Structures are given as structure tokens and as C-alpha cells.
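Here the structure is laid out as C-alpha cells; the discussion comes afterwards.
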Amino acid sequence: MFRYLCGAVLALVPLVAANAESTNFCRNSIRPNESVELRFMGLEYALVIHFLAERYCGAEPKPMRPRFLGYIEKQGCNPGTEAYTDVGAAITRLEGAS
């Protein structure tokens with residue numbers, strides 16, 4: 001009896017895995033009871049620090065778009081995803097402030 005139960009469980013595992021939804025790491029919003037993805041959490045703070053260093057500390061001005069958006073693309077989030085759009089909007093706000 002135990003053999004049949006184990007056989008049934010092993011036969012159903014691929015069906016359950018085929019219907020599972022993959023996690024979307026390219027978004028910033030968090031649903032209730034969902035694990036937090038920390039990969040892009042501090043990126044907007046890094047943008048602000050980059051901007052303040054250029055403006056007040058005399059750091060050499062460098063374009064922010066290739067650096068920060070390039071990092072997001074290397075992580076697998078192409079243009080149009082939530083993380084890419086949010087960081088692009090933050091860069092636009094900071095460039096407008098300077």
C-alpha cells in the first residue's frame with residue numbers, strides 16, 4: 001500500500017511543478033505574506049547618494065542611466081518591468097533637480 005502511495009505522489013509532483021508560478025523579481029511592490037526580494041531595495045538610495053556626492057562633495061559627474069539601469073538589466077529585468085521603470089523615473093527626477 002505504501003508503495004502505491006509513493007508512486008502516486010511521485011507521479012503528481014511534475015504536474016504540480018508545471019502549474020507553479022515563477023517569482024517575478026523585477027517588481028518593487030510586495031504583496032501580503034510574500035517574501036521580500038532585497039536585490040533592488042537600496043538602489044534608489046544609491047541614486048540619491050550618487051547625486052549628492054556630485055552636487056555637494058565635488059565628485060566627478062558621471063551619467064547615472066548606464067550605471068544603474070545597466071545593473072538592473074544584468075539582473076534580468078528588461079525595460080518595461082516595474083523595477084526598471086521606477087529607477088528610470090528616479091533618475092529623471094534627479095537629473096531634473098540638478
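The values are calculated or read from the model by the stated rules, or taken from the named source; none is laboratory data. No experiment lies behind these values; they were computed from the predicted model shown. Quick reminder, even Gly has a Cβ in these numbers, built from the backbone with ideal geometry, and neighbours come from all protein chains shown.
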- Mind checking which pairs have a first residue in segment 57-81 that is surrounded by 13 or more Cβ atoms within 10 Å (Cβ to Cβ) and a second that is of a type in the set (Asp, Glu), Cβ under 8 Å, 6 or more apart or different chains? Met64/Glu95
- Task: Filter segment 32-45 for residues that are surrounded by 15 or more Cβ atoms within 10 Å (Cβ to Cβ) and within 21 Å of Leu94 (Cα to Cα) and give the result.
- Result: Phe40, Leu43, Glu44
- Item | Count of segment 56-73 residues which are assigned to a loop (DSSP other than H, G, I, E, B) and of a type outside the set (Asp, Glu) | 6
- Could you tell me whether any residue of segment 33-55 is modelled with pLDDT of 85 or more, part of a helix (DSSP H, G or I) and of a type in the set (D, E, K, R)? yes
- Please determine, by comparing only the residues of segment 17-32 that are out of contact with any Asp or Glu (no Cβ under 9 Å at 6 or more places or on another chain) and either of a type outside the set (Ser, Thr, Tyr) or not in a loop (DSSP other than H, G, I, E, B) (or both), which one is modelled with the highest pLDDT. Pro32
